[in-house]
Amino acid sequence: MTPQGTSYAPARPSLRDLRRDRTRDEIAQAALELIEARGYGETHVDEIAARALISPRTFYRYFPAKEEAFLHGLPAFEAALGALEGGESEGSLLDDLSSAGDAFCTEIEEHRSAVLARLPHALDEPALLGQLAYRLYAAEVRLARKLRPRLAASVSRAWEAEVLAAAVTASLMAALRRWQKSPRRMRLKQLVKQAMAALGPAVANMDKH
C-alpha cells in the first residue's frame, strides 16, 4: 500500500525493451524505404532484413509479415479508444465521441511523419489496404463494446453500438484520408470535428442521457 502523500514515478523501460523498440522501428523504416524505392510487390522480407542488418528469422520475431512491418507506426485508434475508457460519463455521448476524436488527432500528430509516409501506399496497395481494413474492424469491435453501456435502453444496444462504432471509425478515416492529401493546408482536427458533427443527430437519438 502506498503511504499517504507519496507518489511513485512510472517504471522506466528496461534497456532490453528500448533495444527491442529501436530494432522494431529500424525494421519498419527499412520496409518503408524499400517499398517506396521498389514498390510493394518487388520488396521481400529477406531484403528488408538485410537492410535492417538482421536475419530473416529475427524479422519474424518482430513482425509476422512485411505488411505489418510497413504499417508499423500507423495509429490503431488506441488513443481514441482510451478516451472512452473509465466509468459513467457525465457528458453527452457526442461530447465523449468528440473527445475521442481529439485524442485521435493528437495520436496522428505524434506519428505525423509515419502516417504521411505510409498512408498513401496503404490506400493504394490491396494487400496493405486489407491489413488496414482488418485494423479498422478490430477497432470497431472494441469501440462497440465501449459504446454499448452508453446507449439508450430503447434501442437494440448491441446492434446500434456496432453501427455507431462503424460510423465513427469510418468518419475518422475519411477525415484522415482528406487531410493526408493536403496536410499543410488542412487541419485534421477541424476535419474530425466536422465528421463528428455529421453524426450528431443520430448519436443524440441513441444517447441514454
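The values are calculated or read from the model by the stated rules, or taken from the named source; none is laboratory data. These numbers were taken from a predicted model, which means no experiment stands behind them. Cβ atoms come from the backbone with ideal geometry, glycine included; neighbour counts cover every protein chain shown.
Quick notes on this one:
- Any hit, the stretch 106-113, residues being in contact with a Gly (Cβ under 8 Å, 6 or more places away or on another chain), basic (Lys, Arg) and closer than 17 Å to Gln180 by Cβ: no
- Scoring Glu109 on the criteria (1) in contact (Cβ under 8 Å) with a residue 24 or more places away in the chain; (2) among the acidic types (Asp, Glu); (3) surrounded by 13 or more Cβ atoms within 10 Å (Cβ to Cβ) leaves a single failure, condition (3).
- Test: Glu160 is touching a Phe, Trp or Tyr at 6+ places or on another chain (Cβ under 8 Å), in contact (Cβ under 8 Å) with a residue 24 or more places away in the chain, acidic (Asp, Glu) and surrounded by 13 or more Cβ atoms within 10 Å (Cβ to Cβ): no
- Scanning the stretch 37-55 for residues that are exposed (fewer than 15 other Cβ atoms within 10 Å of the Cβ) and within 23 Å of Gly130 (Cβ to Cβ) turns up Ala37, Arg38, Gly39, Gly41, Glu42, His44, Asp46.
- Flag for Met173 being in a helix (DSSP H, G or I), surrounded by 16 or more Cβ atoms within 10 Å (Cβ to Cβ) and in contact with a Gly (Cβ under 6 Å, 6 or more places away or on another chain): no
This table checks each residue for (1) in the same structural domain as Leu188 (by TED's automatic domain parsing); (2) assigned to a helix (DSSP H, G or I); (3) among the aliphatic types (A, V, I, L, M).
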position	(1), (2), (3)
Phe59	no, yes, no
Ser99	yes, yes, no
Ala103	yes, yes, yes
Glu109	yes, yes, no
Ala114	yes, yes, yes
Ala117	yes, yes, yes
